[in-house]
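What follows is a short report on a single structure.
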Amino acid sequence: MKTNFLMKSLNENEFSSLFDLIDDQLAETGAVRMIVDKERGFPCRVSLDNPAIGEEILLLPYQHHKTNSPYQSSGPLFVRKQATTAAMAVNQIPVILMNKPLSLRGYDEKGFMKEAAVTEVDALSDQIDIMFSNPSITYIHIHSAKQGCYNCSVERV
């Protein structure tokens, strides 16, 4: 039986005030302001879409796995200035996951990694189903396999 899933983005409220900071203030947090200069390569982790050329974005450090386990993790990510929190449909795969190898990391309720896999987007739904067949896995994080950047989380529904 297939497991239904929901991809979850980061919340826009975590980032909107950062766009009011001047560049020196951003630099103090480790963030930089950028203008998108090509169609792909700046995937927004709030909208789960690619910003258009000319859009303002921030590249910033972010703790995407806040857990009291050895698996807590952080890394760089992009956020669009006008991003709104993605409202994904059940079993919908966001645009930012298309056309690249993906790394999946399945965690239990204590934040311990129980399984990991690398897949292409055409096999992503099947790989999510395989991971969620393990009852100890309560959520999955999806990363870009090459750069290792966090993209989004996945929950059972």
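The values are calculated or read from the model by the stated rules, or taken from the named source; none is laboratory data. Keep in mind the model is a prediction, meaning the values are calculated, not measured. Cβ sites come from the backbone with ideal geometry, for glycine too, and all protein chains shown count toward neighbours. With ligands, DNA and RNA removed, areas are computed over all heavy atoms of the protein, side chains included. Shrake-Rupley method; radii C 1.70, N 1.55, O 1.52, S 1.80 Å.
Please go through (1) in contact with a helix residue (DSSP H, G or I) (Cβ under 8 Å, 6 or more places away or on another chain); (2) open to solvent by less than 70 Å² (accessible area, probe 1.4 Å); (3) touching a residue at least 40 places away in the same chain (Cβ under 8 Å) for residue 137 and return the number of the only condition it doesn't satisfy.
Among (1) in contact with a helix residue (DSSP H, G or I) (Cβ under 8 Å, 6 or more places away or on another chain); (2) open to solvent by less than 70 Å² (accessible area, probe 1.4 Å); (3) touching a residue at least 40 places away in the same chain (Cβ under 8 Å), the lone unmet condition for residue 137 is (3).
I'd like to know if the stretch 40-58 contains one or more residues that are open to solvent by 10 Å² or more (accessible area, probe 1.4 Å), in contact with a helix residue (DSSP H, G or I) (Cβ under 9 Å, 6 or more places away or on another chain), over 20 Å from residue 15 (Cβ atoms) and aliphatic (A, V, I, L, M).
There is no residue in the stretch 40-58 that is open to solvent by 10 Å² or more (accessible area, probe 1.4 Å), in contact with a helix residue (DSSP H, G or I) (Cβ under 9 Å, 6 or more places away or on another chain), over 20 Å from residue 15 (Cβ atoms) and aliphatic (A, V, I, L, M).
Need pairs with beta-carbon distance below 7 Å; first residue within 21 Å of residue 63 (Cβ to Cβ) and within the stretch 24-37, second basic (Lys, Arg) and surrounded by 12 or more Cβ atoms within 10 Å (Cβ to Cβ); sequence gap 6+ or separate chains.
26/33
Being closer than 20 Å to residue 50 by Cβ and open to solvent by less than 50 Å² (accessible area, probe 1.4 Å) is the filter here; which residues of the stretch 24-39 pass it?
Step one: list which residues in the stretch 24-39 are closer than 20 Å to residue 50 by Cβ, which gives 31-39.
Selection gives 31, 36.
Consider the stretch 74-110. How many of its residues are of a type in the set (Asp, Glu) and exposed (fewer than 15 other Cβ atoms within 10 Å of the Cβ)? Can you show your working first?
So the first thing to find is which residues in the stretch 74-110 are of a type in the set (Asp, Glu), and the list is 108-109.
Applying the additional criterion that residues be exposed (fewer than 15 other Cβ atoms within 10 Å of the Cβ) yields 109.
Of the residues in that region, 1 qualify.
For every residue, the table says whether it meets (1) closer than 17 Å to residue 69 by Cβ; (2) in contact with a Lys or Arg (Cβ under 7 Å, 6 or more places away or on another chain); (3) basic (Lys, Arg).
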| site | (1), (2), (3) |
| --- | --- |
| 109 | yes, no, no |
| 116 | yes, yes, no |
| 123 | no, no, no |
| 127 | no, no, no |
| 133 | no, no, no |
| 140 | yes, yes, no |
| 148 | no, no, no |
| 152 | no, yes, no |
| 156 | no, no, yes |
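Somewhere in the stretch 62-73, is a residue exposed (fewer than 12 other Cβ atoms within 10 Å of the Cβ), assigned to a strand (DSSP E or B) and within 15 Å of the chain's Cα centre (by Cα)?
The answer is yes, given that some residue of the stretch 62-73 is exposed (fewer than 12 other Cβ atoms within 10 Å of the Cβ), assigned to a strand (DSSP E or B) and within 15 Å of the chain's Cα centre (by Cα).
Return yes when residue 114 is basic (Lys, Arg), surrounded by fewer than 18 Cβ atoms within 10 Å (Cβ to Cβ) and assigned to a loop (DSSP other than H, G, I, E, B) and no when it is not.
no
Restricting the stretch 99-116 to residues that are more than 18 Å from residue 72 (Cα to Cα) and modelled with pLDDT of 95 or more, which is farthest from the chain's Cα centre (by Cα)?
Per the criteria, the residue is 101.
Looking only at the stretch 87-107, count every residue that is charged (D, E, K, R) and within 20 Å of residue 66 (Cβ to Cβ) and tell me the total.
Qualifying residue count, the stretch 87-107: 1.
Test of understanding: among 123, 52, which residue is aliphatic (A, V, I, L, M), assigned to a loop (DSSP other than H, G, I, E, B) and out of contact with any strand residue (DSSP E or B) (no Cβ under 6 Å at 6 or more places or on another chain)?
Unique residue meeting the criteria: 52.
Name the single residue that is nearest to residue 107 (Cα to Cα) among those in the stretch 28-49 being acidic (Asp, Glu) and in a loop (DSSP other than H, G, I, E, B).
Here the residue is 49.
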